[in-house]
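The values are calculated or read from the model by the stated rules, or taken from the named source; none is laboratory data. A quick note: this is a predicted structure, and the numbers were derived from the prediction, not measured. Cβ atoms come from the backbone with ideal geometry, glycine included; neighbour counts cover every protein chain shown. Protein only, heavy atoms only, side chains kept; ligands, DNA and RNA dropped before computing areas. Shrake-Rupley method; radii C 1.70, N 1.55, O 1.52, S 1.80 Å.
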Amino acid sequence: MREGLLPSTVATVLELSTSGEKARALTELLGEVFDPTETAISAFEIETGVTTLSLNAPWKVEIYFATHPDEAAVRDLLRPIVGATIDATPFETVNQQDWVAASLDGLKPVRAGRVLVHGDHDRDAVRINDVGIEIPAALAFGTGHHGTTAGCLLALDAELKRRRPRNAIDVGTGTGILALALAKQTKRKVVAGDIDAIAVEVAAHNARVNHAPHALDLYVAPGLRHAKANRPRHFDLVFANILAGPLKKLAPSLARVLSDDGTVILSGLLEMDVAGIVSTYRHQGLYLARRSLREGWATLVMKKGGAAPRPRHLR
């Protein structure tokens, strides 16, 4: 379940309107229960024109299924979070031709600093000094528009104005968009991995589409459990655009592979997740350098040099 990487075919969509808190609970639950190659979820704050707290603001959640699911089982799973309204929420059947058209309509060019994310139908939008990242529309509904991806790209833009990373890794790379944006700007290979083999295939395909077939050093494994990734104090820039739960579990591993002057860019977080994530990473010796909020999703830039790690007996 990953923003920007949908099942290769989509048969059914379930749309819910809920709160930010329940949207987070849904993303975490579905990420644990469903196969990420068969199900995807999109969650975003609905623009109302009124400034509200993210906990109370209305959110829209869209759940995509590659095949028609057991509706009763899905309702039973979601009812404890969204309540009885789930019983009246319809599962919509998707016409594949309409799905492709919707993908093309949804993938408008998105700018984040010098980076312009676009589909093949918008190549003319790339200017001379842009770093164009082309993502095939059939695989990229929502990519770049989602607050997590855009937030990471903007954080990368700020980091590159400060220095050029020597060794970088993108943990949970998905479509490879973040790793490609970095590799194309630094002209250096970026390590990128994902637990999902199909995601890694998609990232490799996107690298070829972007005329950078050797830009990514790809691996398939959970987190950093691979020889390419598990390199203590090696990486001076780490991306991890996942969800709050996995980011907490990965904190010791990410801190271990980070160089003494390294930077970690974290996202996949709702505003309410920020305090807990900052505290978790402080215990690993990182401090919060910058944070941003986009469409209700937070992006954190953390660096080495914060509080000392907690004693082992307190972990």
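Restricting attention to segment 188-214, the residues that are touching a Lys or Arg at 6+ places or on another chain (Cβ under 9 Å) and among the acidic types (Asp, Glu) add up to 2. Scanning segment 37-95 for residues that are over 12 Å from GLU15 (Cβ atoms), in a strand (DSSP E or B) and either at pLDDT 90 or above or among the polar types (S, T, N, Q) (or both) gives THR39, THR93. When residues in segment 191-217 are screened for being buried (at least 21 other Cβ atoms within 10 Å of the Cβ) and among the hydrophobic types (A, V, I, L, M, F, W, C), 9 of them pass. Of the residues making up segment 170-182, none is open to solvent by 20 Å² or more (accessible area, probe 1.4 Å) and of a type in the set (S, T, N, Q). Give the residue that is modelled with the lowest pLDDT, with candidates limited to residues of segment 19-36 that are crowded, with 21+ Cβ neighbours inside 10 Å and of a type in the set (Gly, Ala, Ser). Looking at residues that are crowded, with 21+ Cβ neighbours inside 10 Å and of a type in the set (Gly, Ala, Ser), I get GLY20. Of the numbered criteria (1) closer than 28 Å to GLU45 by Cβ; (2) open to solvent by 10 Å² or more (accessible area, probe 1.4 Å); (3) touching a residue at least 24 places away in the same chain (Cβ under 8 Å); (4) of a type outside the set (A, V, I, L, M), the one HIS121 fails is (3).
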